[in-house]
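See below for the structure under consideration.
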Amino acid sequence: MAGRLNGVIVDCAVYVEGKRREGHLSLDAAVSAAHEQEGFVWVGVHEPTAAEFEDVALQFSLHPLAVEDAIHAHQRPKLEQYDDTCSSCSRPRRTTKPRSWSRSARS
C-alpha cells in the first residue's frame, strides 16, 4: 500500500484534543492512533487516481461521494458529513514569491 500512495498523500496526522501529534505517520499508524486516543485523522491528498485512493477509502470506510470528491481535482471548497464521517475539500493558499511588507507596501 505505501508504495502506491507515495506522492499522493501529502500529509497524514492525528489530532487529539485539538492538538496535532508530532511526526508524519503512515496511514495504518494514524488510524490505530486515532482509535486508541479518540482523535481524528487528517489525510491530505493531491490529485489521486481512483486506484491510488482505494486504500484510503477502504481504511476509513469512506462514503462513495466523499471518494468521488477526493479523486476529482478542482472541487469547490466544501465540508460534507456522511454518517459519522466529515469530509472536506479545500484549496491551500500559496504565494509565488514573498511580499515586501515595507511601510509603502501597506499604504
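Tally the residues that are surrounded by 14 or more Cβ atoms within 10 Å (Cβ to Cβ) and either touching a residue at least 60 places away in the same chain (Cβ under 8 Å) or outside any helix (DSSP H, G or I) (or both), restricting the search to the range 17-39. Adding up the residues that qualify gives 3. Selection over the range 84-107 of residues that are surrounded by 10 or more Cβ atoms within 10 Å (Cβ to Cβ) and either modelled with pLDDT under 55 or not in a loop (DSSP other than H, G, I, E, B) (or both) gives a count of 5. Could you tell me whether ARG76 is under 17 Å from ILE9 (Cα atoms) and among the basic types (Lys, Arg)? Spelling it out, it is not the case that ARG76 is under 17 Å from ILE9 (Cα atoms) and among the basic types (Lys, Arg). On the basis of being closer than 18 Å to SER87 by Cα, modelled with pLDDT of 85 or more and under 11 Å from the mean Cα position of the chain (by Cα), does ALA57 make the cut? No; evaluated as a whole, the condition is false for this residue.
GLY44 satisfies every condition listed in (1) buried (at least 16 other Cβ atoms within 10 Å of the Cβ); (2) under 12 Å from the mean Cα position of the chain (by Cα); (3) modelled with pLDDT of 80 or more except (1). With respect to (1) in contact with a helix residue (DSSP H, G or I) (Cβ under 8 Å, 6 or more places away or on another chain); (2) of a type in the set (S, T, N, Q); (3) modelled with pLDDT of 85 or more, the lone exception for GLN81 is condition (1).
Here's the yes/no breakdown for (1) at pLDDT below 80; (2) farther than 18 Å from ARG91 by Cα; (3) not hydrophobic (A, V, I, L, M, F, W, C):
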position: GLY23; (1), (2), (3): yes, yes, yes
position: GLU52; (1), (2), (3): no, yes, yes
position: SER61; (1), (2), (3): no, yes, yes
position: ALA66; (1), (2), (3): no, no, no
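The values are calculated or read from the model by the stated rules, or taken from the named source; none is laboratory data. Please read all numbers here as calculations on a predicted model, not as lab measurements. Cβ sites come from the backbone with ideal geometry, for glycine too, and all protein chains shown count toward neighbours.
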